[in-house]
Structure formats: structure tokens, C-alpha cells
1. Among the residues that make up region B:111-132, is at least one of them of a type outside the set (Asp, Glu), surrounded by 15 or more Cβ atoms within 10 Å (Cβ to Cβ), under 20 Å from residue B:24 (Cα atoms) and touching a strand residue (DSSP E or B) at 6+ places or on another chain (Cβ under 7 Å)?
2. Restricting attention to region A:20-44, report how many residues are small (Gly, Ala, Ser), more than 23 Å from residue A:102 (Cβ to Cβ) and crowded, with 16+ Cβ neighbours inside 10 Å.
3. Checking the structure you have, find out if any residue of region B:122-137 is among the charged types (D, E, K, R) and in contact with a helix residue (DSSP H, G or I) (Cβ under 7 Å, 6 or more places away or on another chain).
4. Looking at region C:9-19 only, could you name the residues that are surrounded by 16 or more Cβ atoms within 10 Å (Cβ to Cβ) and under 16 Å from the mean Cα position of the chain (by Cα)?
5. If you check B:74, B:117, which single one turns out to be of a type in the set (Asp, Glu) and modelled with pLDDT of 95 or more?
6. Select from region C:9-44 the residues that are more than 12 Å from chain B (Cβ to nearest Cβ), touching a strand residue (DSSP E or B) at 6+ places or on another chain (Cβ under 8 Å) and either assigned to a loop (DSSP other than H, G, I, E, B) or small (Gly, Ala, Ser) (or both) and list them in ascending order.
7. Which residues, counting only those in region A:105-121, are over 20 Å from the mean Cα position of the chain (by Cα) and touching a residue at least 60 places away in the same chain (Cβ under 8 Å)?
8. Looking at D:6, D:47, can you tell me which residue is out of contact with any Lys or Arg (no Cβ under 8 Å at 6 or more places or on another chain), surrounded by 18 or more Cβ atoms within 10 Å (Cβ to Cβ) and at the interface with chain A (Cβ under 10 Å from one of its Cβ atoms)?
There are 4 protein chains.
Amino acid sequence: MRDYRFTLDMKVRDYELDAQGVVNNAVYQNYLEHCRHEFLLSQGIDFNRLTSEKVFLVVVRVEIDYQAPLRGGDVFWIGLNLERISPLRFVFIQDIYRQRDGRLVLSARTTGTAVNDRGRPCLPPELEPLLAAAAKS
Amino acid sequence: MRDYRFTLDMKVRDYELDAQGVVNNAVYQNYLEHCRHEFLLSQGIDFNRLTSEKVFLVVVRVEIDYQAPLRGGDVFWIGLNLERISPLRFVFIQDIYRQRDGRLVLSARTTGTAVNDRGRPCLPPELEPLLAAAAKS
Amino acid sequence: MRDYRFTLDMKVRDYELDAQGVVNNAVYQNYLEHCRHEFLLSQGIDFNRLTSEKVFLVVVRVEIDYQAPLRGGDVFWIGLNLERISPLRFVFIQDIYRQRDGRLVLSARTTGTAVNDRGRPCLPPELEPLLAAAAKS
Amino acid sequence: MRDYRFTLDMKVRDYELDAQGVVNNAVYQNYLEHCRHEFLLSQGIDFNRLTSEKVFLVVVRVEIDYQAPLRGGDVFWIGLNLERISPLRFVFIQDIYRQRDGRLVLSARTTGTAVNDRGRPCLPPELEPLLAAAAKS
């Protein structure tokens with residue numbers, strides 16, 4: 001198992017299951033987003049405050065490899081790392097593990113950037129130290 | 001613009017927007033799934049009937065490149081192509097375009113397979129002709 | 001069957017099903033909201049434009065009687081009527097019917113009002129003619 | 001504030017917000033359902049196991065009075081009580097409070113029953129002691 005900069009414990013809610021009795025594929029993006037926002041908040045970066053200031057953190061690409069399903073009642077945790085891949089772009093590397101057997105549920109890479117309300121690149125200053133520390137070495 | 005084997009017209013519903021006033025990233029996976037299932041149905045393959053027969057069509061990988069957002073009231077369409085990449089795996093190639101300006105909203109590649117209730121590969125016979133026609137040439 | 005002022009045709013999407021294989025209870029509120037917003041739009045009232053002008057149409061009460069479930073693939077339609085119950089409050093009366101057998105799926109009463117960004121009552125002028133016509137006789 | 005038989009702490013996730021910047025009305029039904037299922041689980045009643053045994057706990061009516069909105073980052077808790085209103089029907093009485101000011105967010109009454117896969121009433125035996133204790137006195 002890898003080292004993670006941030007982890008978050010969560011639990012499946014039954015309304016997240018689909019007719020196959022497993023968490024629907026799209027719901028994992030909800031989990032991953034929630035984890036990213038909690039991580040940012042832990043670093044003093046409030047997604048909703050930025051939005052109200054017309055600084056929009058946006059996702060430009062997502063890749064998810066689904067390995068095993070989550071089912072009703074499953075407890076799981078998400079591990080997160082951050083990597084800067086260009087002056088304006090960063091990648092959240094996230095893995096989900098289920099608790100009952102430690103199995104990897106999925107691995108995801110989410111590329112983000114920040115834009116203003118005219119769609120122009122606009123990295124908020126408070127993101128700089130975070131990204132400096134995440135520079136690909 | 002590419003040729004597509006199947007297309008579906010849709011419209012954004014307001015509950016799909018998030019606090020940024022755009023369709024939330026995860027919701028696009030809902031759109032893409034709905035389009036895949038409608039395509040399969042048009043080919044005589046009923047996702048829910050398969051599920052009730054313990055044949056599970058599952059997604060093993062998704063890649064989405066987000067290009068432009070959808071907003072409240074936006075009408076859009078999805079184009080779909082299918083490619084077989086191995087005896088047991090196939091890729092749905094899907095693009096979303098918004099109607100008001102024809103702009104590409106996103107491009108997605110979703111890799112799927114089929115398993116039974118023990119998680120073993122299990123391609124339903126009715127998928128064979130579809131995949132034969134989709135063999136990568 | 002009652003007369004309705006507005007009707008909307010819809011179709012269940014598979015991601016809206018839960019592990020019981022039926023549309024999850026909460027999803028019907030999505031359907032009902034979408035129908036209300038389409039009705040308002042048909043009357044020249046754009047929910048999202050109002051929101052951007054800091055006029056918030058809000059729900060203060062909902063009552064839903066669930067009569068029969070919707071399943072995967074079901075086509076259905078929603079009938080809507082509007083009633084003004086006080087100077088500032090109005091009720092959307094909505095029924096959902098499934099197409100395959102005409103059966104009533106649910107009946108709902110949703111009470112709404114409009115507030116500004118300080119939470120004060122604020123009926124937008126364009127709502128007045130609509131509500132005048134909907135006065136309880 | 002009332003006494004509750006069961007309480008659950010939760011936190012708003014940003015994808016649950018809509019374009020008004022508040023939790024969408026339908027999402028509260030997700031919260032309420034999750035709380036009911038956690039309560040049942042605390043009493044040894046597993047919703048998903050019942051579903052797999054073809055015993056379906058279903059909602060026949062919901063009433064929600066919305067009092068104040070939840071916003072991004074809000075922490076809240078749900079209080080739950082249970083009342084049996086007939087041999088086959090029971091009501092979950094639930095209130096949501098936000099933590100930052102203790103304000104009541106909403107009050108809800110959800111009437112449920114249990115049916116088998118032919119839609120016939122079918123109270124699972126393990127529900128009996130729970131409902132006996134919840135008899136309206």
C-alpha cells in the first residue's frame with residue numbers, strides 16, 4: 001500500500017446502490033470529489049468560498065480503474081496524493097480501499113485547474129504553496 | 001465531427017447543476033451510462049433483464065476529457081461508437097455536444113466487460129453479434 | 001383521470017434504480033422538480049435566470065403518496081396543476097402515471113414561495129399573472 | 001428540542017448543492033433514508049439483507065416541512081423516532097438540525113410498510129419487537 005498525504009473514511013449509503021446491488025459507477029466520482037474538497041479544506045482552501053469569489057476549481061480529465069465493487073453497508077477509505085504537472089494543472093491521485101478485506105476498489109487520476117468566470121486560467125494564491133509542495137520531483 | 005453508430009438527445013435538468021451553476025462532473029457519467037443502455041436496448045440487449053439473469057455488464061475503466069460545461073437549460077446530444085479490444089472487453093467511445101453552439105462538451109472512453117454472480121467472465125450470447133461487428137479492424 | 005394544465009413525458013434511467021430494482025424514493029422529487037421547472041419555462045419563467053438575479057424559488061413543504069413503483073425502462077408522464085393558497089404561497093399538484101398500464105405511480109403536493117438573498121419574501125413580477133390565474137376559486 | 005430514539009451526525013458534501021448554493025430538496029430524502037437504515041441496522045435489521053430475501057421495506061408516504069437550508073460545509077444531525085400507526089404501517093418521525101446554530105432545518109414524517117415480491121404485506125418477524133415498542137400509546 002502506498003503512502004498518502006490525506007485519507008478519508010466513508011461508508012456506503014444504500015441510495016448509492018443501483019439495481020446490480022453495488023455502488024453505481026458515477027457515485028465514486030462523488031466520493032472522490034468529496035475527498036478532494038475535504039483535503040483542500042484541511043489545507044485552508046474552501047471550495048465554496050472560492051466559487052462565491054468566482055474562482056472555479058474545475059476538473060479537466062478523469063481516469064478511473066474500477067477493481068472491485070462496494071456493496072450496501074461497506075465501510076471504505078480513500079487515500080489522496082497531489083502532483084503538479086504544469087504551471088496551471090495538478091493531478092489528484094486517489095485510491096479507494098474497502099475495510100472488510102483491505103481490497104483496492106479503484107484507482108483514479110483527476111486532473112484539475114482553476115479558471116475565473118470568463119473561463120481564463122486563474123490559480124488562487126492560496127493554492128500556490130500547496131502546489132509548490134506537490135511539484136513533480 | 002465524427003460518424004456515430006448511435007446518438008441520443010438529452011436536456012440538462014436543474015437538479016443536476018452544482019453550486020458552480022454547471023452540471024456536476026459525476027452527472028456526466030449518468031448521461032453516458034443512460035446513452036449506453038439505450039444503445040444496447042436499440043440492439044435488443046436489455047441491461048435490466050441481464051441483471052435479473054445474473055449477467056452483470058460492468059465498467060472496468062473510464063476516461064473522460066472535459067472540454068466545456070453544460071449549464072441549466074442546455075440541450076445536448078451524445079454520439080456513441082463501440083470497439084472490441086479483446087475477446088472479453090469492449091470500449092464505448094462517446095462524445096457529448098451542446099446544441100446551442102455545437103461545441104464539444106466532453107469525450108469519454110468506457111471499457112466494459114460482463115461477469116456472472118461469482119465475478120467470472122460471462123459474455124451473454126446476444127452480445128456476440130454486436131461485438132463481432134465492433135471488432136477493431 | 002384529472003385535467004392537467006401541463007404534462008411532461010419522461011423515461012426512467014437505470015442509474016435512478018436502487019438495490020430493490022425500483023426508482024429510489026428521492027429520485028421522484030428530481031422528476032417532480034424537473035417538471036415544475038419545465039412548466040415555469042413554458043410560461044416564460046426561467047428558474048436559473050431568477051437564481052442568478054438572487055430571486056430564489058424555494059420549496060417549503062412536500063407531501064408525496066407513493067402508489068406504485070417505476071422500474072427500469074418504464075416510460076411515464078407527469079401531470080401538473082398550480083394553486084395559489086396565500087398571497088405568497090402556491091402549491092404544485094402533480095401526479096405521475098406509468099405508460100405501460102396507465103397506473104398512478106404517485107401524487108404529490110409541493111408548496112413553494114419566493115425569497116431574496118436575505119431570505120425575505122420576494123415574488124418576482126412575472127409570477128403574478130401565473131398565480132392570479134391559479135387563485136383558488 | 002425533542003427526545004429522540006436515535007440520532008446520526010452527518011456533513012453536507014459539495015456535490016449535494018444545487019445552483020442556488022444550498023442542498024437540493026431531493027437530497028434530504030437521501031439523508032433521511034440513510035438515517036432510517038442506520039437506525040434499523042442498530043436494531044439488528046439489515047435493509048439489504050431483507051431486500052436479498054425478497055422482503056421489501058417501502059415508503060408509502062412522505063411529508064417534509066423545510067424550515068432552513070443547509071449549505072456547503074454544514075455539519076448537521078438527524079433525530080429519529082418511530083411510531084406504529086396500524087398493524088402493518090409505521091411512521092418514522094425525523095428532524096434535521098444544523099450544528100452551527102442549532103436551527104431546525106426540516107421535519108419529516110415517512111410512512112413505511114413491508115411487502116414481498118408479489119407486493120403483498122409481509123412484515124419481517126425481526127421488525128415485530130421494534131414496532132411493538134413503538135406502538136402509539
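The values are calculated or read from the model by the stated rules, or taken from the named source; none is laboratory data. Treat the numbers as computed from the prediction; the structure is a model and nothing was measured. As a convention, Cβ positions derive from the backbone with ideal geometry for all residues, glycine included, and neighbour counts pool all protein chains shown.
1. no
2. Going through region A:20-44 one residue at a time, the tally reaches 1.
3. no
4. C:10
5. Within the list B:74, B:117, the selection yields B:74.
6. C:18, C:20, C:24, C:42
7. Once the filter is applied, which keeps residues that are over 20 Å from the mean Cα position of the chain (by Cα) and touching a residue at least 60 places away in the same chain (Cβ under 8 Å), region A:105-121 yields A:116, A:117.
8. The unique qualifying residue is D:47.
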